[in-house]
Each structure stands twice: as structure tokens, then as C-alpha cells.
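Heads up: the structure comes next, in C-alpha cells.
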Number of protein chains: 2
Amino acid sequence: MTQQRRVILEELQKLDSHPTADEVYERARRRLPRISLGTVYRNLEILSECGLIQKLELGGTQKRFDGRVENHCHVRCIRCGCISDVPMAPLTTIENRLRGTSDYEIIGSRLEFIGVCPQCKKEH
Amino acid sequence: MTQQRRVILEELQKLDSHPTADEVYERARRRLPRISLGTVYRNLEILSECGLIQKLELGGTQKRFDGRVENHCHVRCIRCGCISDVPMAPLTTIENRLRGTSDYEIIGSRLEFIGVCPQCKKEH
DNA sequence: TTCTCTTTTGAGAATAGTTACTAATACGGA
DNA sequence: TCCGTATTAGTAACTATTCTCAAAAGAGAA
């Protein structure tokens with residue numbers, strides 16, 4: 001656990017905004033001005049493999065990262081692209097239903113809602 | 001509706017394999033050897049705006065395209081990356097439940113299952 | 001058909017996000 | 001402390017996609 005890795009983890013856990021890799025990079029740079037973007041990518045990958053953070057491969061062009069690891073869903077704003085958590089029971093019911101009818105071995109699911117966030121609704 | 005656009009649409013509707021843009025390009029090239037990759041991307045974009053095809057922005061690095069436009073979900077194989085359809089009622093119930101509790105204006109949802117396809121299971 | 005205007009094309013350059021490479025540095029255990 | 005491994009910063013390379021632009025193809029009017 002290097003200094004860089006610790007800072008990346010801490011900054012991510014501090015936020016609930018599901019930042020992209022370069023947003024994490026900007027924040028980490030305030031504390032470690034010489035950190036490189038490659039280090040941020042590498043450590044985000046390692047931390048998500050260890051299960052300390054979550055890598056979100058949802059719609060949009062960039063990956064996002066989440067300091068919360070419990071199973072939960074997200075809403076993406078179609079206008080500004082921001083992402084929020086949705087407090088909701090996991091989809092185990094649906095997954096189990098699928099297990100009965102599909103030839104696939106079902107491991108999990110990924111559910112994302114699309115909408116307009118309160119801020120963008122206001123500005124309409 | 002140019003020759004190129006028609007061929008791209010036909011090839012996509014012929015398949016149920018949710019091809020990536022370069023897979024569509026390969027197929028279109030068999031019928032129009034001089035077609036360019038840019039043309040394929042441009043037309044896939046236009047066709048999905050018209051609602052003639054569906055653009056899938058699911059997990060993974062590449063976008064995929066679907067000749068079926070009805071609302072349905074997908075399973076992605078975690079090993080080989082292939083994608084299949086899941087016959088399943090749309091998530092309107094869940095979406096409506098969320099409409100009551102979220103500040104977002106909910107427009108839709110995107111549900112993807114993760115699993116292992118029959119082929120990969122066999123090869124284990 | 002022919003003329004004109006708009007759209008689309010092919011080819012290649014440009015871009016964005018991410019990953020890989022490498023020499024130098026930091027870390028951790030004996 | 002020394003030594004071997006892991007990690008770093010910096011940069012180059014890569015991949016998927018989008019953009020640019022001159023040339024070609026359509027589409028509609030005469």
C-alpha cells in the first residue's frame with residue numbers, strides 16, 4: 001500500500017460523485033503534485049480487483065469509479081452525464097427467474113436508469 | 001437511403017449476434033468492397049437515431065448494434081464477451097417504483113446480465 | 001435528360017480514453 | 001544496512017470513434 005494508492009482510495013471514498021479517472025487524478029494531484037495519470041489508472045484497477053472500490057462500466061464513454069462497494073444501482077442524467085446512487089433492493093428476484101430460463105450461468109447484473117437530474121430539470 | 005446505408009441495415013437485421021461496428025464493416029465489405037469504416041459508423045449512428053436499429057452502450061470497450069428495436073435485455077458472457085438476448089418483460093414496474101422515490105425524472109433503464117455462455121461453460 | 005443543390009462517400013487525419021513500456025525510485029524483509 | 005521486488009513518473013502506443021474535406025452520388029425541378 002503505497003502513498004499514492006492510499007491517497008487515491010481516500011479521495012474516492014470521500015466522494016459520492018462517481019468520478020472518472022481524470023477527476024480522481026485532479027484530486028490526488030492536490031495532495032501529491034507529482035503523481036501521474038498512469039498511476040491513477042493502475043491503482044484504480046488494482047483497488048477494484050481487491051474489491052476495495054467498484055469500477056462502473058456503464059453507458060457513456062468513460063469508466064467511473066465508486067468508493068461504495070455494496071450492490072446498488074445508478075441513475076445517469078441524460079443531459080449533464082452526472083451519476084447518483086439509487087437505494088434499491090438488488091435484482092436477485094429477476095436474476096433467479098432468469099436462471100431458470102437461460103442457458104447462461106448467471107453471475108450478476110448491471111442496472112442503470114436514465115433520467116434527468118434535479119439540477120438539469122430546473123434549468124430545463 | 002443510399003446503397004451503403006441499405007446494406008448496413010440489411011446485414012445488421014440478418015444477424016442476432018449484436019455485432020460491433022467493425023464486425024458490421026467486415027460484413028458490409030463483402031458486398032461493397034470499397035465501403036469505408038467511417039461510413040459504417042456514420043450510418044449506424046443515423047439508423048439508430050431514426051429508430052431502425054438500436055445502439056447498445058453496455059459494459060465493455062466497444063459499442064454494439066442490434067437489428068431488433070423492441071425493448072429487451074441482454075446477457076454478456078464474462079469470458080468471451082458475446083452477447084445474447086434475454087426474453088423478459090420490461091422493467092416498467094421497477095422504473096415506476098423509482099419514479100416515486102427519486103428526484104430524477106426517470107426516462108428509461110438499461111439492464112444487462114453478466115454470466116458465462118453455454119459454449120464457454122462447456123470449455124470451462 | 002440535364003442542370004443544380006444537397007447529401008453522402010472514401011480516405012485519412014485527429015481525438016479521447018486507456019494501457020503499456022522503461023528507467024529510476026521506493027519499499028519491505030533478512 | 002543491504003538486496004530483491006514492486007511501484008512510480010513520464011511518455012509512447014494503442015483502440016475505438018469522430019472529424020475533415022474533396023470528390024461522387026442522389027434528388028428534384030425544368
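Inspection of the range B:71-78 identifies at least one residue that is within 16 Å of DNA strand C (Cβ to nearest atom), closer than 20 Å to A:THR101 by Cβ and touching a Gly at 6+ places or on another chain (Cβ under 8 Å).
Residue count for the range B:25-60 under the criterion of being polar (S, T, N, Q) and more than 21 Å from B:ASP85 (Cβ to Cβ): the result is 3.
Out of A:LEU9, A:LEU111, one residue alone is surrounded by 16 or more Cβ atoms within 10 Å (Cβ to Cβ), more than 16 Å from DNA strand D (Cβ to nearest atom) and aliphatic (A, V, I, L, M). It is A:LEU111. In this structure, A:GLU49 qualifies as among the charged types (D, E, K, R) and more than 11 Å from DNA strand D (Cβ to nearest atom). Among the residues of the range B:96-124, write down those that are part of a strand (DSSP E or B) and of a type outside the set (Gly, Ala, Ser). Within the range B:96-124, B:GLU105, B:ILE106, B:ILE107, B:ARG110, B:LEU111, B:GLU112, B:PHE113, B:ILE114, B:VAL116 meet the criteria. Annotation note: of B:ARG110, B:ARG97, the sole residue that is at pLDDT below 95, within 13 Å of the chain's Cα centre (by Cα) and of a type in the set (Lys, Arg) is B:ARG110. Scanning the range B:79-112 for residues that are more than 16 Å from A:GLU95 (Cα to Cα), free of Cβ contacts under 8 Å to residues at least 12 places away in the same chain and either among the hydrophobic types (A, V, I, L, M, F, W, C) or within 16 Å of DNA strand C (Cβ to nearest atom) (or both) yields B:LEU98, B:ILE106, B:ILE107.
Across the range A:115-124, the number of residues qualifying as surrounded by fewer than 17 Cβ atoms within 10 Å (Cβ to Cβ) and either under 12 Å from B:ILE78 (Cβ atoms) or touching a strand residue (DSSP E or B) at 6+ places or on another chain (Cβ under 9 Å) (or both) comes to 4. Being under 16 Å from the mean Cα position of the chain (by Cα) and of a type outside the set (Phe, Trp, Tyr) is the requirement here; does A:ILE8 meet it? When the stated conditions are applied, A:ILE8 passes them. Only one of the listed residues (B:GLY100, B:GLY67) is under 24 Å from A:HIS72 (Cβ atoms) and out of contact with any Lys or Arg (no Cβ under 7 Å at 6 or more places or on another chain). That residue is B:GLY100.
Every listed requirement among (1) more than 11 Å from chain B (Cβ to nearest Cβ); (2) touching a strand residue (DSSP E or B) at 6+ places or on another chain (Cβ under 7 Å) is met by A:GLU45 save one, (2).
Looking at the range A:52-66, can you tell me whether even one residue there is within 11 Å of chain B (Cβ to nearest Cβ), of a type in the set (Val, Ile, Thr) and touching a residue at least 40 places away in the same chain (Cβ under 8 Å)? No, the range A:52-66 contains no residue that is within 11 Å of chain B (Cβ to nearest Cβ), of a type in the set (Val, Ile, Thr) and touching a residue at least 40 places away in the same chain (Cβ under 8 Å).
Each residue in the range B:30-39 was checked for being touching a helix residue (DSSP H, G or I) at 6+ places or on another chain (Cβ under 7 Å) and either within 8 Å of DNA strand D (Cβ to nearest atom) or outside any helix (DSSP H, G or I) (or both), and 3 of them qualify. Determine whether the range A:49-58 contains at least one residue that is more than 11 Å from DNA strand C (Cβ to nearest atom) and among the small types (Gly, Ala, Ser). Yes.
The values are calculated or read from the model by the stated rules, or taken from the named source; none is laboratory data. Predicted, not measured: the structure shown is a model, and the values here were computed from it. For neighbour counting, all protein chains shown are included, and Cβ atoms are generated from backbone atoms with ideal geometry for every residue, glycine included.
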